[in-house]
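Everything on this sheet refers to the single structure shown next.
The values are calculated or read from the model by the stated rules, or taken from the named source; none is laboratory data. Please read these numbers as outputs of a predicted model, since none were measured by experiment. For neighbour counting, all protein chains shown are included, and Cβ atoms are generated from backbone atoms with ideal geometry for every residue, glycine included.
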Amino acid sequence: MQIGQLAKQTGCEVETVRYYEREGLLPAPARTASGYRSYTAAHVEQLNFIRHCRSLDISLADIRQLASYQQHPAPEPCDRVNALIDDQIGRVHRQIETLQRLEQQLLALRSRCHSPHTLADCGILKTLEDASSGEPCVCHPTLAAD
């Protein structure tokens, strides 16, 4: 199959397929006599593997490592795979904490304007403007304390 067919079958953009090839995540396909890339079912499976990993927000470097384990299974425990996923879980926990702090900051900012005002009297805009000139703000209280 050609690259467009592969992309359509896997729900992936053509440029993304080319990118994964350049990154070495997707093996280079054979070429037809006219120079077109010729993909196989193995490419579909590998691209689906990559896309599944990306849906879990696994980095390309980690996907490369997982693909290596997948392509060269060794008769040893899968501790390295577990460790890789444990690291990913840790990253997700840190992202959640960061997003929760961001939510609190936005809620504090939103609390500055409870009822409709004109833009000139908007508490949110006033807070953002004050902060841009170095004033303390409700959304970054630790910065004000520094």
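The table below gives the values:
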{"item": "Where a residue in the stretch 101-125 is exposed (fewer than 11 other Cβ atoms within 10 Å of the Cβ) and its partner, wherever it lies, is aliphatic (A, V, I, L, M) and assigned to a helix (DSSP H, G or I), with Cβ under 8 Å and at least six apart", "result": "L119/L125"}
{"item": "Selection within the stretch 99-124 - aliphatic (A, V, I, L, M) and under 16 Å from V138 (Cα atoms)", "result": "L102, L106, L107, A108, L109, I124"}
{"item": "All positions within the stretch 91-146 that are under 28 Å from I58 (Cα atoms) and either over 29 Å from the mean Cα position of the chain (by Cα) or among the small types (G, A, S) (or both)", "result": "none"}
{"item": "Count - residues of the stretch 19-33 that are closer than 17 Å to Q5 by Cα, without any contact (Cβ under 8 Å) to a residue 12 or more places away in the chain and of a type in the set (A, V, I, L, M, F, W, C)", "result": "2"}
{"item": "The stretch 31-41 - residue that is modelled with pLDDT under 95 and surrounded by fewer than 11 Cβ atoms within 10 Å (Cβ to Cβ) and, of those, nearest to V92 (Cα to Cα)", "result": "R31"}
{"item": "Options I63, I96; residue that is at pLDDT 95 or above and more than 30 Å from H140 (Cα to Cα)", "result": "I63"}
{"item": "Residues of the stretch 1-47 satisfying the condition of being in contact with a Ser or Thr (Cβ under 7 Å, 6 or more places away or on another chain) and within 16 Å of L60 (Cα to Cα)", "result": "L47"}
{"item": "Test: residue in the stretch 105-120 that is more than 30 Å from Q46 (Cβ to Cβ) and touching a Leu at 6+ places or on another chain (Cβ under 7 Å)", "result": "yes"}
{"item": "Qualifying residues in the stretch 44-100 (those that are among the hydroxyl-bearing types (S, T, Y) and in a helix (DSSP H, G or I)) - the one surrounded by the most Cβ atoms within 10 Å (Cβ to Cβ)", "result": "Y69"}
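For every residue, the table says whether it meets (1) free of Cβ contacts under 8 Å to residues at least 12 places away in the same chain; (2) touching a Pro at 6+ places or on another chain (Cβ under 9 Å).
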| position | (1), (2) |
| --- | --- |
| L6 | no, yes |
| G35 | yes, no |
| H43 | no, yes |
| F49 | no, no |
| I58 | no, no |
| I63 | no, no |
| A83 | yes, no |
| Q88 | no, no |
